[in-house]
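Structure below; questions to follow.
The values are calculated or read from the model by the stated rules, or taken from the named source; none is laboratory data. What you are looking at is a predicted structure, and each value in this text was computed from that prediction instead of being measured. Backbone-built Cβ (ideal geometry, glycine too); neighbour counts: all protein chains shown. The accessibility values were calculated without ligands, DNA or RNA, using every heavy atom of the protein model including side chains. Shrake-Rupley method; radii C 1.70, N 1.55, O 1.52, S 1.80 Å.
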Amino acid sequence: MSVFRHIGKSILLKHNQSALTLQASFIHKSHSVKSKNDYLIDTPEYDFLKDIGIERENFGVYNGSWQGSGEVITSIDPGTGRKIANIRMGSVQEMDEAIQIGVKAYEQWSQVPAPVRGDVIRQIGEEMRKYKEPLGKLVSLEVGKIHSEGQGEVQEFIDICDYAAGLSRIYSGQVINSERPEHIILEAWRPLGLVGVISAYNFPNAVFGWNAAIALTTGNSVLWKGAPTTSLVSVATMKVLAEVLNRNKLPPIATLCQGGANVGQQLVSDARVKLVSFTGSCATGRNVGVEVQKRFGKVILELGGNNALIVDQDANFQMVLEAALFGCIGTSGQRCTTTRRIIVHEKLYDRLVKELVAKYKQVYNSLFLIFSLVMNQLNSVYFILQVLPKVGHQLDPNTLVGPVHSQQNIEHYKAAIAEAVKLGGKIAFGGKVIQSDGFYTEPTIITDLPHDSPVVHRETFAPIVYVLKAKSIEQTIAWNNEVDQGLSSAIFTENISNAFKWIGPQGSDCGIVNINTTTNGAEIGGAFGGEKHTGGGRESGSDAWKQYCKRSTITLNHSGKLACAQGVVFNVE
Ligand code: UN1
């Protein structure tokens, strides 16, 4: 099977080589025919991969030099199913070595003055700026997110480097009054040591960035294991860092060891790794949390979300529609901050469903499907799928909704739709997998489900939103809060009293509690993370840096006499 990329208004999918003549008459901008055995890296269109250090065969371990002795995996373009390049994963032993190297590097790095460390992070940000376009393109290609979202992801990395460079000069402790004469209490923040970062496929560059920038600035070393299916982003990102470290003659304060579950397990259970920052599912995160706690390590968990967009009766309706569009189907529903539930006041319910469906139609005005021809001699079937340009390959400039990341997302999508229908849900839009070589699903709106259906309470990493009809602000808040997850939430209202209810102590119980903006797309300046089964961790801005530090309380006596606190008298005279 082959697939034509970047073909504007039509995607042609064939199931037989001899269909080529037929296809040619339907396609305007097709490139040369590619065999599925070809690697994208070998085609001139993908030369940008070489600009960021990707080769046909890549090592997935960096600990001062590049290596890898684990299995070889092939990275796949989810938009076509075609191979991009190969990566040799790390082994458990290589993870062990990387830990040792990271601990040693920490000893040196923690003694470098913080503003000097900050300058190194600034340089990393500068280097990221230089490679933003090709690196962002690789993020798009390997994850499946559209061009502007790939660029936006690298921008988050750049932003957090700028932030960290400033932070390095201002993060500080405090001076506290002592109850004893001529005593003073100081509070100081010290690095922890080696910090492990395990990131997910959906943000393969930025999540490492906001962990690494803050952890390194505060004097830690960092060891990263990215998701196996986005290993090329891990490799290319680490090459950018390695360049800066080499230039500054630094030891490997940032290392990488790609690998499977056993390699991750080694990182999680090793007591030399003082903090494990894990981004991924609630189920895996729970195990990581328990495992790290067993050895009294520290953990930052960024787990699932089940984010609701609340539509109050006086909401700015146009803004709601735009927020819902980006929130629900941006990144093909694969952000942990994706809008998964729209809880709308009953007065606006019918209008919301109708107008959101109309908006989705503008994105996905398919399907003038399907020409199905049976070839006599080969008994093969050809499908020609014609869609408007907004659903399509992630690197096509017209695309708004790219593929989901893998077959697993497709399976979860199908299971969620089947369950929703069984539970009485009505599909107001979409609901089907798009038959193609890539992993495409129809953006989907489901109505008429009870607010507490199991499927509504579950996070499905796909572009599905459930629209729920509520009677009052109190009810919307209750439904927002009744799910296990507590990452992001947003209300659209012009009612100041309801806005304050929403952000008050009885309001949204999430880490992100927005008003009149989307559930997704948080900036780096605030602390990012959520409550309950989302794990409680905070990363990125505000005072999230404290999570990468240990706090020292220092009582300093300059009186020349020993005195006990609380008036205790204790001597033997
Ligand atoms: C994630 O999906 O794991 O708020 C992170 C956002 C992005 C981060 C998402 N800044 O959507």
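Testing GLN318 on (1) over 20 Å from ARG538 (Cα atoms); (2) open to solvent by 10 Å² or more (accessible area, probe 1.4 Å); (3) in contact (Cβ under 8 Å) with a residue 24 or more places away in the chain, one condition comes back false. Which one is that?
Result: GLN318 fails condition (3) only.
Here's another thing I want to ask about it. So in region 321-331, with the set limited to residues that are more than 12 Å from the ligand (Cβ to nearest atom) and within 14 Å of LEU400 (Cβ to Cβ), which one is most open to solvent (accessible area, probe 1.4 Å)? Spell out how you get there, then give the answer.
So in region 321-331, the residues more than 12 Å from the ligand (Cβ to nearest atom) come out as 321-325, 328-329.
Okay, now just the ones that are also within 14 Å of LEU400 (Cβ to Cβ), so 322, 324-325, 328-329.
Values: GLU322: 102, ALA324: 1, LEU325: 33, CYS328: 1, ILE329: 7 Å².
My answer is GLU322.
Here's another thing I want to ask about it. Within region 164-174, does at least one residue satisfy the condition of being of a type in the set (Lys, Arg), assigned by TED's automatic domain parsing to the domain that holds LYS298 and either assigned to a loop (DSSP other than H, G, I, E, B) or more than 22 Å from ILE300 (Cα to Cα) (or both)?
yes
When region 535-559 is examined, which residues are found to be among the small types (Gly, Ala, Ser) and free of Cβ contacts under 8 Å to residues at least 60 places away in the same chain?
Narrowing region 535-559 to residues among the small types (Gly, Ala, Ser): 535-537, 540-542, 544, 552, 559.
The one that is among the small types (Gly, Ala, Ser) and free of Cβ contacts under 8 Å to residues at least 60 places away in the same chain: SER542.
For region 390-411, name all the residues that are in contact with a Gly (Cβ under 9 Å, 6 or more places away or on another chain) and either under 20 Å from THR338 (Cβ atoms) or modelled with pLDDT under 50 (or both). Write out each step before concluding.
Taking region 390-411 first, the residues in contact with a Gly (Cβ under 9 Å, 6 or more places away or on another chain) are 391-396, 398-406, 409.
Within region 390-411, VAL391, GLY392, GLN394, THR399, LEU400, VAL401, GLY402, PRO403, VAL404, HIS405, SER406, ASN409 qualify.
Taking region 332-358, which residues are more than 15 Å from the ligand (Cβ to nearest atom), part of a helix (DSSP H, G or I) and under 28 Å from the mean Cα position of the chain (by Cα)?
If we filter region 332-358 for residues that are more than 15 Å from the ligand (Cβ to nearest atom), which is where we start, we get 341-358.
Then drop every residue that is not part of a helix (DSSP H, G or I), which leaves 346-358.
Listed by number, the residues that qualify are LEU356, VAL357.
Let me ask something else about it. It is to be established whether one or more residues within region 286-295 are within 30 Å of VAL195 (Cα to Cα), open to solvent by less than 10 Å² (accessible area, probe 1.4 Å) and more than 16 Å from the ligand (Cβ to nearest atom).
yes
Also, I was wondering about something else. If only one of GLY81, GLY60 is at pLDDT 60 or above and closer than 30 Å to THR217 by Cα, which one is it? Quick ask: steps written out before the conclusion?
Values: GLY81 fails: closer than 30 Å to THR217 by Cα.
From the options GLY81, GLY60, the qualifying one is GLY60.
Step by step: first the residues of region 485-534, then only those that are within 16 Å of the ligand (Cβ to nearest atom) and without any contact (Cβ under 8 Å) to a residue 24 or more places away in the chain, then the one that is farthest from ARG286 (Cα to Cα). Which residue is that?
Step by step, filter region 485-534, then rank; the result is GLY526.
Can you name the condition, by its number, that ILE300 falls short on among (1) open to solvent by less than 30 Å² (accessible area, probe 1.4 Å); (2) assigned to a helix (DSSP H, G or I)?
Tallying (1) open to solvent by less than 30 Å² (accessible area, probe 1.4 Å); (2) assigned to a helix (DSSP H, G or I), ILE300 fails exactly one: (2).
If you don't mind, there's one more thing I want to ask. Could you run through region 178-208 and say how many residues are assigned to a loop (DSSP other than H, G, I, E, B) and either in contact with a strand residue (DSSP E or B) (Cβ under 9 Å, 6 or more places away or on another chain) or within 16 Å of the ligand (Cβ to nearest atom) (or both)?
Keep residues of region 178-208 that are assigned to a loop (DSSP other than H, G, I, E, B), which gives 178-182, 192-193, 199-205.
From what is left, the residues that are either in contact with a strand residue (DSSP E or B) (Cβ under 9 Å, 6 or more places away or on another chain) or within 16 Å of the ligand (Cβ to nearest atom) (or both) are 178, 180, 182, 192-193, 199-205.
Counting residues in region 178-208 that are assigned to a loop (DSSP other than H, G, I, E, B) and either in contact with a strand residue (DSSP E or B) (Cβ under 9 Å, 6 or more places away or on another chain) or within 16 Å of the ligand (Cβ to nearest atom) (or both) gives 12.
If ALA165 passes every condition in (1) under 21 Å from the mean Cα position of the chain (by Cα); (2) buried (at least 17 other Cβ atoms within 10 Å of the Cβ) but one, which one does it miss?
Only one criterion is unmet by ALA165, namely (1).
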